[in-house]
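Structure, as structure tokens:
The values are calculated or read from the model by the stated rules, or taken from the named source; none is laboratory data. What you are looking at is a predicted structure, and each value in this text was computed from that prediction instead of being measured. No Cβ is skipped: glycine too gets one built from the backbone with ideal geometry, and neighbour counts run over all protein chains shown.
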Amino acid sequence: MVEKTLILEGLNCANCASKIEKMTNDIDGVDIAIMDFVSKKLKVQIQSENNSDKIVNEIKAIVNKVEPDVKIIDSQTQNNKAHAHVHDHSHGEVEKGEIMKIIIGAILFIVPILFKFEANWEFIFFFASYIVVGGEILVRALKNITHGQIFDENFLMALATIGAFAIGEYPEGVAVMLFYQVGELFQDMAVSHSRKSIKSLLDIRPDYANIKNGDEVVKVAPQNVHVGDHIIVKPGEKIPLDGTIIEGKSTVDTSNITGENVPRVVQAGDSVLSGYVNNSGLLTIEVLKEFGESTVSKILDLVENASSKKAPTENFITTFARYYTPIVVISAAFIAFIPPLIFKLSLSEWVYRALIFLVISCPCALVISIPLGFFGGIGGASKSGILIKGGNYLEALNQVDTVVMDKTGTVTKGVFRVTRVNAKEGFTEDEVIYLAAYGEAFSNHPIGKSIIEAYEGKVDESLLKDYREIPGMGVQVGISGDKVMIGNEKLFERENIKVEGKKGFGTIVYVAKNSEYIGYIIISDEIKEDAKDTIMGLKNLGIKQTIMLSGDNQYVASKVGEILGIDSVYGGLLPQDKVSVLEKIINETSRKGKVAFVGDGVNDAPVLARADVGIAMGGLGSDAAIEASDIVIMTDEPKKIITGIKIARKTKKIVTQNIYLALGVKIIVLIMGVFGIATMWEAVFADVGVSIIAILNSMRALKVEE
């Protein structure tokens with residue numbers, strides 16, 4: 001399987017983009033093709049690399065057939081340059097030639113209206129105006145007909161306006177073409193502006209890096225910097241690659257990555273991410289990741305590829321548009337000829353009514369505004385520090401009625417510290433903490449690290465023998481000839497070692513030596529400041545149920561749940577238990593409702609993958625988080641879950657408004673046209689006018705309200 005990405009520069013017709021996608025999917029050897037109208041990228045998965053060149057040539061032929069003026073660029077060629085940006089040179093921008101054409105056409109149109117001419121001269125002026133304004137559309141329509149493309153906007157506008165001329169409605173024929181061109185100009189401007197607005201939200205890619213080469217500092221492309229290189233970041237510059245500060249102190253603006261505006265103080269030894277902006281001091285940074293693996297690259301890749309995962313609403317509109325135009329055109333043919341034939345009515349009158357149908361038959365308002373709305377929502381979310389991997393996940397957030405979350409690292413800080421050491425009679429607290437610290441010597445778990453930190457002494461690893469980790473329970477190890485066990489209550493129950501049933505707010509770690517219980521340690525994890533407000537906020541949003549799953553014992557988990565106001569708490573769970581409990585929750589949830597799971601993105605990967613919507617908390621930089629989750633929150637703040645749901649609901653509301661607006665206006669004008677109430681002026685508004693309004697409405701999705 002090989003993936004090709006083609007950039008269709010100058011593609012501004014959403015309906016044509018939909019056709020290109022469908023025709024590319026029909027090519028033999030193509031597994032799947034997805035056309036992203038917003039970024040103008042056609043992503044194609046080809047079954048065999050041997051056929052890739054042949055299939056690319058077929059795609060080029062299809063694009064040339066549907067949109068002859070579009071320029072096709074292979075993204076791999078672009079990626080070989082310093083930047084992978086695609087620049088629109090003239091397409092989508094306001095061209096002086098287009099404006100002059102419209103002005104000249106408008107003057108020729110107004111002259112015979114202001115000054116009364118003979119019929120022949122009047123016709124000449126109107127016809128000249130029509131050719132100036134609509135000549136290009138007529139030529140395009142003829143070309144497309146020869147290529148077998150009949151039901152496109154060029155053919156429909158040409159047929160409608162020529163029809164108006166045929167029945168003697170010269171002013172109306174010219175006016176429709178003139179205002180259609182004006183509408184298209186504004187529509188292209190709106191699309192171009194919305195594209196730029198979305199791209200400006202993601203303007204986090206660094207332009208260069210200052211690499212330290214001996215005593216020299218050389219400015220190079222970030223792609224040319226490698227792991228281990230030292231780079232200099234001056235005040236006001238973006239940090240180009242992920243790394244560790246080895247010299248300097250400064251404050252950095254992290255809002256590009258985390259969405260948070262509060263500057264963060266950094267100094268030697270601290271890790272920094274690409275995309276941060278250095279505010280004050282001079283920093284020397286050792287690079288830890290190649291540019292392709294850096295945080296900026298991951299964010300841009302996630303957001304730019306989000307359009308390939310289309311929401312159900314987008315798929316519905318694409319399918320709907322495929323049938324809408326032919327149905328309306330066929331209806332127009334019936335309206336033009338059936339009533340005059342059956343009821344002996346005026347042919348010209350009913351042809352005029354049919355022409356109104358032709359003007360309205362292009363579904364551009366829907367096909368353009370829906371993807372722009374979803375992509376705007378995804379772009380706005382990324383600016384708030386929330387990466388949503390597709391329109392399908394953004395739409396799914398609207399249906400979430402149950403939020404399940406992990407405890408450690410999600411509602412608590414995951415920063416553990418020993419708060420109490422208790423020794424059984426006959427043993428000392430020092431002995432308990434000593435054995436526990438040695439037992440946790442090889443542990444990477446925060447609890448183990450907190451015990452080692454509390455011990456404060458140096459662990460002599462040569463004294464350790466037969467170290468064995470018992471998943472979900474603890475460890476067993478030989479220390480200076482003694483068999484030591486450190487773990488939870490489950491481990492001691494399994495080993496038939498009786499412990500004193502102590503309760504405390506925190507995780508209790510029991511210690512045994514030579515199968516004898518000698519004491520326990522309580523380790524506390526602090527609850528996040530915004531955790532309680534998050535639970536309350538979720539309930540205010542209408543979330544029916546909040547549930548917490550924890551590997552911690554039931555008592556501690558329940559205590560945290562009680563403080564936060566969580567509805568149900570499951571404690572003492574192993575990783576596989578969490579999946580089982582989640583499946584049970586999903587089965588019990590209403591068919592319409594969806595279940596979201598929020599976890600730390602590393603230990604909870606299986607649960608994240610199983611949930612309807614998996615949300616990784618603070619998972620940035622973790623491949624496990626990005627791979628397993630559908631949404632990545634780039635900070636450790638639970639409140640971002642609320643922000644994400646609000647963005648999803650706002651986006652859905654905007655998309656729904658556009659659907660009702662476009663279909664509602666079109667249906668009303670169609671009905672009015674059948675009864676002879678509407679003119680072609682209203683028809684033009686129902687086409688390009690509604691498109692512009694829908695596009696402008698879509699841009700509201702970019703604005704995020706926390």
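Of all residues being in contact with a strand residue (DSSP E or B) (Cβ under 8 Å, 6 or more places away or on another chain) and outside any helix (DSSP H, G or I) in region 8-22, which is surrounded by the most Cβ atoms within 10 Å (Cβ to Cβ)? Just the residue, please.
Checked region 8-22; the qualifying residue surrounded by the most Cβ atoms within 10 Å (Cβ to Cβ) is Leu8.
When the residues of region 19-45 are narrowed to those that are over 24 Å from the mean Cα position of the chain (by Cα) and hydrophobic (A, V, I, L, M, F, W, C), which ends up farthest from Val66 (Cα to Cα)?
Val30
Would you point out which residue out of Glu153, Glu169 is modelled with pLDDT under 85, closer than 25 Å to Ala332 by Cα and of a type in the set (Asp, Glu)?
On inspection, the qualifying residue turns out to be Glu153.
Can Thr5 be described as in contact with a Leu (Cβ under 9 Å, 6 or more places away or on another chain), among the hydroxyl-bearing types (Ser, Thr, Tyr), in contact (Cβ under 8 Å) with a residue 24 or more places away in the chain and not in a helix (DSSP H, G or I)?
When the stated conditions are applied, Thr5 passes them.
Out of Thr419, Thr408, I need the residue that is among the polar types (S, T, N, Q) and modelled with pLDDT under 85. Which one?
On inspection, the qualifying residue turns out to be Thr408.
Checking Ala61 against (1) closer than 26 Å to Ile150 by Cα; (2) modelled with pLDDT under 85; (3) surrounded by fewer than 15 Cβ atoms within 10 Å (Cβ to Cβ); (4) of a type in the set (A, V, I, L, M): exactly one of these is not met. Which one?
The one condition Ala61 does not meet is (2).
Give the number of residues within region 1-12 that are of a type outside the set (Lys, Arg) and in contact with a helix residue (DSSP H, G or I) (Cβ under 7 Å, 6 or more places away or on another chain).
Here the count works out to 7.
Considering only region 208-227, I want to know if a residue exists there that is modelled with pLDDT under 80 and hydrophobic (A, V, I, L, M, F, W, C).
No, the conditions are met nowhere in region 208-227.
Need pairs with beta-carbon distance below 7 Å; first residue over 13 Å from Lys41 (Cβ atoms) and within region 59-76, second assigned to a loop (DSSP other than H, G, I, E, B); sequence gap 6+ or separate chains.
The qualifying pairs are Lys65/His147; Lys65/Gln149; Val66/Gln149; Glu67/Leu11; Glu67/Cys13; Asp69/Gly10; Lys71/Gly10.
Before we move on, is Val484 crowded, with 16+ Cβ neighbours inside 10 Å, in the same structural domain as Ile518 (by TED's automatic domain parsing), of a type in the set (A, V, I, L, M) and free of Cβ contacts under 8 Å to residues at least 24 places away in the same chain?
No, not satisfied.
When residues of region 129-170 are filtered for being charged (D, E, K, R) and more than 38 Å from the chain's Cα centre (by Cα), how many remain?
1
When both residues are 6+ apart or on different chains and their Cβ atoms are under 6 Å apart, which pairs have a first residue that lies in region 330-351 and is in contact (Cβ under 8 Å) with a residue 40 or more places away in the chain, and a second that is of a type in the set (Val, Ile, Thr)?
Once the first residue is in contact (Cβ under 8 Å) with a residue 40 or more places away in the chain and sits in region 330-351, its partners that are of a type in the set (Val, Ile, Thr) give Ser348/Ile167; Val351/Ile167.
As an exercise: evaluate Glu95 against (1) modelled with pLDDT of 90 or more; (2) within 19 Å of Phe179 (Cα to Cα) and give the number of the one condition it does not meet.
(1)
List the number of the failed condition for Ser39; all other conditions in (1) surrounded by 18 or more Cβ atoms within 10 Å (Cβ to Cβ); (2) modelled with pLDDT of 85 or more hold.
In the conditions (1) surrounded by 18 or more Cβ atoms within 10 Å (Cβ to Cβ); (2) modelled with pLDDT of 85 or more, Ser39 misses (2) alone.
Look through Gly689, Gly676, Gly644 and report the one residue that is outside the structural domain of Lys532 (by TED's automatic domain parsing) and within 22 Å of Asn154 (Cβ to Cβ).
From the options Gly689, Gly676, Gly644, the qualifying one is Gly689.
Quick test for you: out of Ser280, Ser274, pick the one residue that is in contact (Cβ under 8 Å) with a residue 24 or more places away in the chain, buried (at least 22 other Cβ atoms within 10 Å of the Cβ) and of a type outside the set (Phe, Trp, Tyr).
Being in contact (Cβ under 8 Å) with a residue 24 or more places away in the chain, buried (at least 22 other Cβ atoms within 10 Å of the Cβ) and of a type outside the set (Phe, Trp, Tyr) holds for just one of Ser280, Ser274, which is Ser274.
Report every pair of residues separated by at least 6 positions or lying on different chains whose Cβ atoms are under 7 Å apart, first residue within region 510-531 and assigned by TED's automatic domain parsing to the domain that holds Arg494 and over 14 Å from Val411 (Cβ atoms), second among the charged types (D, E, K, R) and modelled with pLDDT of 95 or more.
none
Could you tell me which of the residues Ala678, Ala662, Ala648 is at pLDDT 90 or above and in contact with a Pro (Cβ under 9 Å, 6 or more places away or on another chain)?
Exactly one residue qualifies, and that residue is Ala662.
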